[in-house]
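Working notes for the structure below.
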Amino acid sequence: MPELNVKDLVVEYTTGGDYKVRPIDGLDLEVTPGSLTILLGPSGCGKTTLLSCLGGILKPMSGSIHFGDIEVTGLSRSALTDYRRHTVGIVFQAFNLVPSLTAEENIAVPLRAVGVSRHEARARSRELLDMVDLSHRIHHRPADLSGGQQQRVAVARALALDPPLILADEPTAHLDFIQVEEILRLVRMLATGERVVVVSTHDSRMVPLADNVIEMAPILHVPDRPPVEVKLAPGEVLFRQGEMGELVYIIEDGQVEILREHADGSNELLRLLSSGEYFGEMSPLVGLPRTATARAKDDVVLTGYTARAFREQASDFAGGGPS
């Protein structure tokens, strides 16, 4: 029975403006067969990035992914194509159905791609449409289907070759509450036998269905505590881009540079902050990594506040830089 094992995974890429982003930094994950794992977190926390790595679509910077005896991160380009075709079924957030094809024909696409006869592909498509309770929509095209029905066709297509690994990206994102219930039942049903199912979502309604829940943007449980004083020497770094943060900082004396690191290792100065200004609020308030680096320009004295303490006094402070 194949297990999914991820070890010390690091993914780094550049965004518009050539900024370096590391949504996944040292991730470990182990998923047993017959289980449903939920990747939970807000947009931008790395859920889709991780699914892309697991599906062999995106190559990580370092670390390893094993599915059974397959080392996904070590596969050649042709072997990755074979892996994606026979081992992985992907349910895309935007459905990705072919508009000109019927429900039956959409499901038949991966079957025909591997040489299954037209007759056998039709029979398999109808079997899967019956499984997702859409046998009455065989000849309907995507434009004639509701969002929930399109999602069920997408799930059926992902199952066409009976892959042992199913990846679903935000399967409830575009659905109303009635359609969501249908998809939740279907997703739970997929994780049976030896199949591994990994689903990315920000929808907490899926959590009770899961065997494992991975917080992609872990909530920092920082206990209330008095403000702390921090002193920095010139050039000393307070925090770095990509790190998680616990405190919001107020400058009591000196100047702090807010820097964004580029893919080539260079730094761009975003803001130079002075006494009375604050920075670093987004990471502790919303649970996302720091978006920039904070470095002392000269001798600096700071006061660090927990998110709760900062909210209570925010009206007294001047705005600062990102991160």
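Every number in this text was worked out from the coordinates using simple rules, so none of it is lab data. This is a predicted model, so every value here is computed, not measured. We place every Cβ from the backbone using ideal geometry, glycine too, and count neighbours over all the protein chains shown.
Counting pairs of alpha carbon atoms under 8 Å apart in space and at least six apart in sequence, what relative contact order in percent does the stretch 117-177 give?
The normalised contact order for the stretch 117-177 reaches 35 percent.
With charges set only on the Cβ (+1 for Lys and Arg, -1 for Asp and Glu), what does the dipole of the chain come to about its Cα centre, in debye to the nearest 20?
With only Lys, Arg, Asp and Glu charged at Cβ, the dipole is about 1200 debye.
With contacts defined as alpha carbon pairs under 8 Å and 6 or more residues apart, what's the relative contact order of the stretch 40-90 in percent?
Once divided by the residue count of the stretch 40-90, the mean separation gives 27 percent.
Return the Cα extents of the stretch 1-158 along principal axes one, two and three, sorted largest first, each rounded to a whole Å.
46, 36, 28
Place the peptides 95-105, 262-272, 289-299 in order of packing, highest mean first, counting for every residue the other Cβ atoms within 10 Å and averaging per peptide.
So the order, starting with the most tightly packed, is 289-299, 95-105, 262-272.
Size of the dipole of the stretch 119-252 about the Cα centre, Lys and Arg at +1 and Asp and Glu at -1 on the beta carbon, nothing else charged, in debye to 20?
In total the dipole reaches around 600 debye.
How far apart, in nm, are the 7 Å Cα→Cβ label points at residue 5 and residue 76?
2.5 nm
Take each of the peptides 235-242, 115-122, average the number of other beta-carbon atoms within 10 Å over its residues, and list them starting from the highest.
Highest to lowest by the protection proxy: 235-242, 115-122.
In bins 10 Å wide, starting from 0, what share of all Cα pairs of the chain does each bin hold, as a percent?
Taking every Cα pair in the chain, the percentages come to 6, 23, 26, 20, 14, 9, 3, 0.
With axes computed from alpha carbons, what is the tilt in degrees of helix 77-86 against the longest principal axis of the chain, rounded to the nearest 10 within 0 to 90?
60 degrees
Note down the nm distance, to one decimal, between modelled labels 7 Å out along Cα→Cβ at residue 298 and at residue 312.
Label at residue 298, label at residue 312, 3.3 nm between them.
When you count, for each residue, the other Cβ atoms within 10 Å and take the mean per peptide, how do 182-190, 59-67 rank with the highest first?
Taking the mean over residues of other Cβ atoms within 10 Å, the ranking is 182-190, 59-67.
For helix 118-131, what angle does its Cα long axis make with the longest principal axis of the chain, in degrees from 0 to 90 and rounded to 10?
With both axes taken from Cα atoms, the answer is about 60 degrees.
Could you give the length gained by full extension between residue 274 and residue 28, i.e. 0.36 nm per residue of separation minus their alpha carbon distance, to one decimal place?
84.6 nm
Roughly how big is the stretch 175-280's charge dipole about its Cα centre, with Cβ charges of +1 (Lys, Arg) and -1 (Asp, Glu), in debye to the nearest 20?
With Lys and Arg at +1 and Asp and Glu at -1, about 340 debye.
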